[in-house]
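Student: Once you've had a glance at the structure underneath, I'll fire off some questions.
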Amino acid sequence: MTTKNEINYYNNNDEKGIYKEGNIIKRLLFGWRFNILKHHVKGNTLDIGVGDGYIIPHIRGRFDNYIGMDIAQKRLERATKMFGTKDMTFKVGDATNIPYINEQFDIVIATDVLEHIKKADTAINETYRVLKRKGNLLVSLPTENKLYRLFTKSYYNADDKEQRNYYHYYNAKQITNKLSLKFKKVFEIGLPFIIGGINLNLFMVSKWSKKEK
């Protein structure tokens, strides 16, 4: 389960500085991931770790039903205030104990979430459980490479150890290895790019299908 310190951190730190303020390159890079994943959203959708809900404008109208779940009540309140609840439901919940029945969702979204969960294996198993047999998991992960760490200094307080670490327990490769035990990779895209053999990727965006038991 998520610790009280983590919940307090997420409640007290909004995502406005990432998606709405600061330099345009940062905002474009974060929004770029959503523009890739939105084309794969459909049907009954669960968004784990929805946060303040900045993915919602990108995917609205593509799902039949949408549930945005997060451990932080205040983040859900901010999402509700900004985007309303006309065609959506927001619920406090933990990805390591998803409060829904087996095979309920066509799509589960996890954008920059799994690396923050200490018991990531449990969260991945729960995601597998609630997805329908032909359902898909949509994932975005930070690479955690040197370039990423340099990039994040532009919006994290370099003197705040808690904020710099931001409860990152894993990098993209580690989570990908864990996902591969339960899911089959449909595609993976690195952002922004690799040029001349030099890896300039800050994020990995991917789609996964369930492996048959």
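Student: Looking only at region 104-111, decide whether some residue is farther than 20 Å from residue 33 by Cα, surrounded by 20 or more Cβ atoms within 10 Å (Cβ to Cβ) and at pLDDT 90 or above.
Tutor: The answer is yes; a qualifying residue exists.
Student: Additional query: Any idea which of (1) within 16 Å of the chain's Cα centre (by Cα); (2) modelled with pLDDT of 90 or more; (3) closer than 20 Å to residue 137 by Cβ; (4) crowded, with 20+ Cβ neighbours inside 10 Å is the one residue 88 doesn't satisfy?
Tutor: Result: residue 88 passes all but (1).
Student: Now for a separate question. In region 204-213, what residues are at pLDDT 85 or above, out of contact with any Gly (no Cβ under 7 Å at 6 or more places or on another chain) and either buried (at least 16 other Cβ atoms within 10 Å of the Cβ) or basic (Lys, Arg) (or both)?
Tutor: 205, 206, 207, 208, 211
Student: A further question follows. Scan region 69-79 and give yes if some residue there is exposed (fewer than 15 other Cβ atoms within 10 Å of the Cβ), in contact with a His (Cβ under 8 Å, 6 or more places away or on another chain) and at pLDDT 85 or above, otherwise no. Full working, then the answer.
Tutor: Taking region 69-79 and keeping what is exposed (fewer than 15 other Cβ atoms within 10 Å of the Cβ), we get 73, 77.
Next, from what is left, pick out any that are in contact with a His (Cβ under 8 Å, 6 or more places away or on another chain): none.
For region 69-79, residues exposed (fewer than 15 other Cβ atoms within 10 Å of the Cβ), in contact with a His (Cβ under 8 Å, 6 or more places away or on another chain) and at pLDDT 85 or above: absent.
Student: Hey, among the residues in region 93-119 that are hydrophobic (A, V, I, L, M, F, W, C) and in a loop (DSSP other than H, G, I, E, B), which one's farthest from the chain's Cα centre (by Cα)?
Tutor: So the first thing to find is which residues in region 93-119 are hydrophobic (A, V, I, L, M, F, W, C), and the list is 95, 98, 101, 105, 107-110, 113-114, 117.
Those still in the list that are in a loop (DSSP other than H, G, I, E, B) too: 95, 98, 101, 113, 117.
Numbers: 95: 11, 98: 15, 101: 21, 113: 4, 117: 11 Å.
Filtering region 93-119 for residues that are hydrophobic (A, V, I, L, M, F, W, C) and in a loop (DSSP other than H, G, I, E, B), the one farthest from the chain's Cα centre (by Cα) comes out as 101.
Student: Going by the conditions given, is residue 161 at pLDDT 65 or above and of a type in the set (Lys, Arg)? Even if it seems obvious, please write down each step before you answer.
Tutor: Numbers: at pLDDT 65 or above: no; of a type in the set (Lys, Arg): yes.
The answer is no for residue 161.
Student: Show the residue pairs meeting these rules: Cβ distance below 7 Å; 6+ apart or different chains; first residue within region 171-195 and modelled with pLDDT under 85; second residue part of a loop (DSSP other than H, G, I, E, B) and among the aliphatic types (A, V, I, L, M).
Tutor: From region 171-195, the pairs are 191/202; 192/200; 192/202; 193/200; 194/200.
Student: Something else now. Condition check: surrounded by 16 or more Cβ atoms within 10 Å (Cβ to Cβ), at pLDDT 90 or above, in a helix (DSSP H, G or I) and of a type outside the set (A, V, I, L, M, F, W, C). Does residue 128 satisfy that?
Tutor: On the way: surrounded by 16 or more Cβ atoms within 10 Å (Cβ to Cβ): yes; at pLDDT 90 or above: yes; in a helix (DSSP H, G or I): yes; of a type outside the set (A, V, I, L, M, F, W, C): yes.
Yes, satisfied.
Student: Separate question: Return yes when residue 47 is within 27 Å of residue 148 (Cβ to Cβ), under 16 Å from the mean Cα position of the chain (by Cα), in a loop (DSSP other than H, G, I, E, B) and charged (D, E, K, R) and no when it is not. Before the answer, list the steps.
Tutor: Numbers: within 27 Å of residue 148 (Cβ to Cβ): yes; under 16 Å from the mean Cα position of the chain (by Cα): yes; in a loop (DSSP other than H, G, I, E, B): no; charged (D, E, K, R): yes.
No: the conditions fail for residue 47.
The values are calculated or read from the model by the stated rules, or taken from the named source; none is laboratory data. Since the structure is predicted, the reported quantities are computational estimates derived from the model, not experimental observations. Cβ: placed from backbone, ideal geometry, glycine included. Neighbour counts: every protein chain shown.
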